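Please read the structure below before turning to the comments.
The values are calculated or read from the model by the stated rules, or taken from the named source; none is laboratory data. Small disclaimer: the values here were computed from a predicted structure and weren't measured. Note that we place each Cβ from the backbone using ideal geometry, even for glycine, and neighbour counts take in every protein chain shown.
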Amino acid sequence: MERIIEIPQGVKVKIQGFEFEAQGARGKVTKTFRNEYVSVEMKDKKIRVFTKREKKTDTAVVGTWESIIKSSFTGVTKGFIYTMKIVYAHFPVKVTVKGNQVLLDNFLGEKSPRKITLGPDTKVTVKGDLVTVEGSDLEVTGNAAARIEKMSKIKGFDPRVFQDGIYIVRKGDVIEG
């Protein structure tokens with residue numbers, strides 16, 4: 001089984017061994033594709049993902065790798081964005097971004113801020129009660145949004161009463177424009 005993927009205009013692709021790299025206007029995405037029976041190769045502005053045997057698991061890996069490569073092309077040309085909403089009823093929450101860290105101050109009246117460190121090529125902006133997470137790698141951007149959501153998880157309180165937190169409202173939209 002094999003899948004052929006066209007390389008879009010304005011995207012540079014480099015494949016060395018198990019390493020795949022796509023570079024475009026919005027950034028760079030690097031992935032490692034390592035499997036005994038599935039291979040990736042590039043010829044004439046096309047990428048070929050193929051397997052030497054027709055087992056179910058190997059054909060599933062071919063489809064997964066194809067999807068990852070296509071999303072990396074979308075990411076480096078258009079980018080991905082997650083929209084999150086800050087919700088609080090008991091204590092006014094302040095979310096700030098300092099460098100590659102996101103700080104959550106005064107969450108449920110806590111004295112020390114909660115913080116997480118973001119991965120590479122991920123941009124977080126806060127406007128009012130909306131937090132946006134942008135990036136070129138779908139996996140890294142989604143993980144950053146999930147970690148921000150998890151950072152505001154409440155422990156030891158009734159979740160029916162204390163619904164404070166930062167919640168994902170829209171997932172993985174493609175940036176237009």
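Go through the stretch 6-45 and report how many residues are touching a Ser or Thr at 6+ places or on another chain (Cβ under 9 Å), of a type in the set (Asp, Glu) and more than 21 Å from Glu134 (Cβ to Cβ).
Result for the stretch 6-45: 1.
Residues in the stretch 70-91: is at least one among the hydrophobic types (A, V, I, L, M, F, W, C), exposed (fewer than 15 other Cβ atoms within 10 Å of the Cβ), in contact with an Asp or Glu (Cβ under 8 Å, 6 or more places away or on another chain) and outside any strand (DSSP E or B)?
Taking every residue of the stretch 70-91 in turn, at least one turns out to be among the hydrophobic types (A, V, I, L, M, F, W, C), exposed (fewer than 15 other Cβ atoms within 10 Å of the Cβ), in contact with an Asp or Glu (Cβ under 8 Å, 6 or more places away or on another chain) and outside any strand (DSSP E or B).
Among the residues of the stretch 148-177, write down those that are under 15 Å from the mean Cα position of the chain (by Cα) and over 18 Å from Tyr88 (Cα atoms).
Of everything in the stretch 148-177, those that are under 15 Å from the mean Cα position of the chain (by Cα) and over 18 Å from Tyr88 (Cα atoms) turn out to be Arg170, Lys171, Gly172, Asp173, Val174, Ile175.
Would you mind telling me which numbered condition in (1) within 29 Å of Glu176 (Cα to Cα); (2) at pLDDT below 95 Glu54 fails?
Glu54 satisfies every listed condition except (1).
State the number of residues belonging to the stretch 1-47 that are outside any strand (DSSP E or B), of a type outside the set (A, V, I, L, M, F, W, C) and either outside the structural domain of Phe73 (by TED's automatic domain parsing) or in contact (Cβ under 8 Å) with a residue 12 or more places away in the chain (or both).
Final tally of qualifying residues: 7.
Is it true that Val62 is more than 18 Å from Tyr167 (Cα to Cα), over 20 Å from the mean Cα position of the chain (by Cα), in contact (Cβ under 8 Å) with a residue 60 or more places away in the chain and not assigned by TED's automatic domain parsing to the domain that holds Ser136?
Against the criterion (more than 18 Å from Tyr167 (Cα to Cα), over 20 Å from the mean Cα position of the chain (by Cα), in contact (Cβ under 8 Å) with a residue 60 or more places away in the chain and not assigned by TED's automatic domain parsing to the domain that holds Ser136), Val62 qualifies.
Just to be sure before I move on: is Gly119 within 30 Å of Ile5 (Cβ to Cβ) and either in a helix (DSSP H, G or I) or not polar (S, T, N, Q) (or both) in the structure I sent?
Yes, satisfied.
Mind checking whether some residue in the stretch 133-152 is surrounded by fewer than 17 Cβ atoms within 10 Å (Cβ to Cβ), out of contact with any Cys (no Cβ under 8 Å at 6 or more places or on another chain) and among the β-branched types (Val, Ile, Thr)?
no
Looking only at the stretch 160-177, count every residue that is exposed (fewer than 13 other Cβ atoms within 10 Å of the Cβ), assigned to a loop (DSSP other than H, G, I, E, B) and either touching a strand residue (DSSP E or B) at 6+ places or on another chain (Cβ under 9 Å) or of a type outside the set (Lys, Arg) (or both) and tell me the total.
Qualifying residue count, the stretch 160-177: 3.
Which pairs turn up if I take residues in the stretch 149-161 that are in the same structural domain as Arg114 (by TED's automatic domain parsing) and look for partners that are of a type in the set (A, V, I, L, M, F, W, C) and part of a helix (DSSP H, G or I) with beta carbon separation below 8 Å, at least 6 apart in sequence or on another chain?
Correct list of pairs: Ser152/Phe107; Ile154/Leu108; Phe157/Leu108.
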